[in-house]
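All of the numbers you see were taken from the coordinates with simple rules; none came from a lab. Here the structure is a predicted model, which is why all the values come from computation and not from measurement. Neighbour counts run over all protein chains shown; Cβ positions are idealised from the backbone, glycine included.
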Ligand code: HCR
């Protein structure tokens, strides 16, 4: 195999890494990978991908009725996929292995208010180290929007690709003008990491994901649909990053709206040809405070020296600094064990079954029918508008 993406000096270590993942199933983040594939960014930063187009998030609150709100949620969701799943390829050359967050790691940020869209705030906490689970809460109080979710992964290896089942879900809550709330249960697609043999991994989405509104409207997003059969003879089908989505009314299975296209470029209404999503324009990265002002457990402070080592190619520095963090973690766990205490989460409370998931999941036969969740404790003061 031609290992195009692998630097000459790391070819043999890449081959052994690939051999180890072939026979491995479970928590990939714990495997030691060769330096060229390491990312200087921690997984706790990933929830920011949900809001890098804050105006599309805010627009959900401005939709005029239940149907339009479901369309606005779908539009925002599809527009996040490019950031979530292709941005490391664009920024770092290929998909990379993110830093594996420590228990209690934090990431705070916000997107400032612009043109009346309201400020959007982000709180992330690593709520489990093994297996890695990241909880997040994104809110735009001015628009009455809040997204609460958690993310974990189950990985396996199948015909040359790493298959990642995403565990977790997100609930979007919209405060309506009449004082009522509308909720949306968002499930997550499966990923396939291709290009492993060549040392240039990239993500393809597979399977189906859902967005179920408490109003009954349901979006079903199919990432494996092969052919575009739209009225305008759209020819996206068969290409990578293709999706088709249908919107169905409460209690009906007949699509009222159909969309298709490439989630990392553009998509259209399959029946009218009208533009739906377009993510070719730049996204807006989250604003974070200065590292000097951060808590020791905030991601960019905690990993700053490791990240510098990775960025500058000083892998000895990176591994020395990483060992310090890991040793400190081990010591903390030993101390807790000796004292008979447990690490206290700062912003989230774990509950065994999410009642919103259970209630909305029933409407489309969610599998599994129940899922746990991490509830935000509403105990973070957000930084002021810039
Ligand atoms: C699978 C993955 C860690 C998890 C990442 C998730 C699923 C996290 C939640 C985000 O909302 C979306 C997301 C995007 C990433 O694509 C996905 C990562 C891709 C690779 C990484 C593995 C643990 C690392 C595998 C090592 C490879 C690259 C050799």
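Brief remarks follow.
- When you restrict to C-alpha pairs under 8 Å that are six or more residues apart and normalise by the size of the range 169-214, the relative contact order lands at 36 percent.
- For the range 267-359, the square roots a ≥ b ≥ c of the C-alpha gyration tensor eigenvalues yield an a/c of 1.5 or more together with a/b not exceeding b/c, which makes the shape oblate.
- The range 1-114, relative contact order [Cα under 8 Å, separation at least 6], %: 32
- Anisotropy class of the range 197-345 from Cα gyration tensor, a/c 1.5 cut: prolate
- Just checking the listed ones, 308, 333, 359: in the Gaussian network model of the chain with Cα springs under 10 Å, the one fluctuating most is 333.
- Degrees separating the helix 66-92 axis from the principal Cα axis of the chain, which is the longest one: 30
- Debye-sum result for the range 22-76 in log10 I(q)/I(0), which assumes one identical scatterer on each alpha carbon, at q = 0.13, 0.14, 0.15 Å⁻¹: -0.58, -0.62, -0.65
- Our summary gives the range 77-183 a relative contact order of 15 percent, counting only alpha carbon pairs under 8 angstrom and 6 or more residues apart.
- Antiparallel bridges, percent of DSSP beta bridges restricted to the chain (to nearest 5): 95
- Helix 315-339 and the longest principal axis of the Cα set of the chain meet at an angle near 80°.
- Prolate/oblate/rounded label for the range 82-232 (Cα gyration tensor, a/c 1.5): oblate
- For the chain, dividing the convex hull volume of the Cα atoms by the residue count gives 156 Å³ per residue.
- Over the chain, dividing the summed -39,500 (n - 2.57) contributions of all DSSP H runs of at least 4 residues by the number of residues returns a 222 nm mean residue ellipticity of -7500 deg cm²/dmol.
- Rh by Kirkwood over Cα pairs, then Stokes-Einstein D for the range 245-315 at 1.567 mPa s and 4 °C, µm²/s: 78
- Acute angle (nearest 10 degrees) that the helix 11-22 long axis makes with the longest principal axis of the chain, alpha-carbon atoms: 60
- Fluctuation leader among 180, 257, 11 - the chain, Gaussian network, Cα springs under 10 angstrom: 180
- Ranked by the mean number of other Cβ atoms within 10 Å of their residues, highest first, the peptides 322-331, 14-23, 102-111, 213-222 fall in the order 102-111, 213-222, 14-23, 322-331.
- Candidates 45, 125, 66: whichever shows maximal mean-square fluctuation once the chain is modelled as a Gaussian network with Cα springs under 10 Å: 66
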